[in-house]
Amino acid sequence: MSHKENWLEKKFVFDFPVSRYVELIQFLRETPTKLEALVKQLPREKLLRHEGDSWSIQENAGHFLTTEPLFQGRLDDFLNQEPVLGPANFEENLTDKAHYDSQDIRWILAEFRKLREIFIRRLEALQPEDFGRVALHPRLNQPMRLCDSMFFELEHDRHHMARIEELIDLWRE
């Protein structure tokens, strides 16, 4: 099965109760462990292999490092009661410019774990009512609560994990 979902065209419905923030924190906490389990034992040649002009497994893993500051910044936006969340910077091709294929996968995984743990600690320090704060998502052009933003990040995690799984299956011998 080919992973052809276009992230930039994906639509979201945020109709769940704010109280789901507790489980969303847990799911976000689990991403580094799941990512490590997927890629840590793969040989370097599989981590770096490309299908056409798409990212390698290692670049998909590195993309988590690229986007984590965006999600941290959006948390700041919610806490500062900004009316609009900070936009993603697609024009800069930050993941491509980071040259993750030249890095060690262990470094990528460790750095991502560190950043995600900081994010989780920040979330855990909040009050329940903070997860209902609202701001406009600039690309989706729809209001979202902090808990919705967490769901959005989790869906982004799942999107790239699915792509990594697809590439692992593609490179199986």
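For the stretch 57-78, the tally of residues that are under 17 Å from Pro32 (Cβ atoms), touching a residue at least 60 places away in the same chain (Cβ under 8 Å) and under 13 Å from the mean Cα position of the chain (by Cα) stands at 6.
In the stretch 125-151, of all residues being assigned to a helix (DSSP H, G or I) and either within 19 Å of the chain's Cα centre (by Cα) or of a type in the set (A, V, I, L, M) (or both), the one that is surrounded by the fewest Cβ atoms within 10 Å (Cβ to Cβ) corresponds to Phe151.
Scanning the stretch 86-97 for residues that are assigned to a loop (DSSP other than H, G, I, E, B) and more than 16 Å from the chain's Cα centre (by Cα) yields a count of 2. Applying a threshold of 7 Å to beta carbon distances and a minimum spacing of six or more residues, or different chains, the list of pairs starting in the stretch 37-53 at a residue that is under 14 Å from Ser102 (Cα atoms) and ending at one that is of a type in the set (Phe, Trp, Tyr) and in a loop (DSSP other than H, G, I, E, B) reads Lys46/Trp171; Arg49/Trp171. Residues in the stretch 115-124 that are of a type outside the set (Phe, Trp, Tyr) and either in contact with a Leu (Cβ under 9 Å, 6 or more places away or on another chain) or outside any helix (DSSP H, G or I) (or both): Leu115, Arg116, Ile120, Arg122, Leu123. Figure legend. Inter-residue proximity from the stretch 157-172: first residues surrounded by fewer than 17 Cβ atoms within 10 Å (Cβ to Cβ), second residues assigned to a helix (DSSP H, G or I) and of a type outside the set (Phe, Trp, Tyr), beta-carbon distance below 7 Å, spacing 6+ or different chains. Indicated pairs: Glu165/Leu38; Ile168/Leu38; Ile168/Ile57; Trp171/Lys46. Only one of the listed residues (Arg113, Arg122) is at pLDDT 95 or above, more than 15 Å from the chain's Cα centre (by Cα) and among the basic types (Lys, Arg). That residue is Arg122.
The values are calculated or read from the model by the stated rules, or taken from the named source; none is laboratory data. No experiment lies behind these values; they were computed from the predicted model shown. All Cβ positions, even for glycine, are placed from backbone atoms using ideal geometry, and neighbour counts span all protein chains on display.
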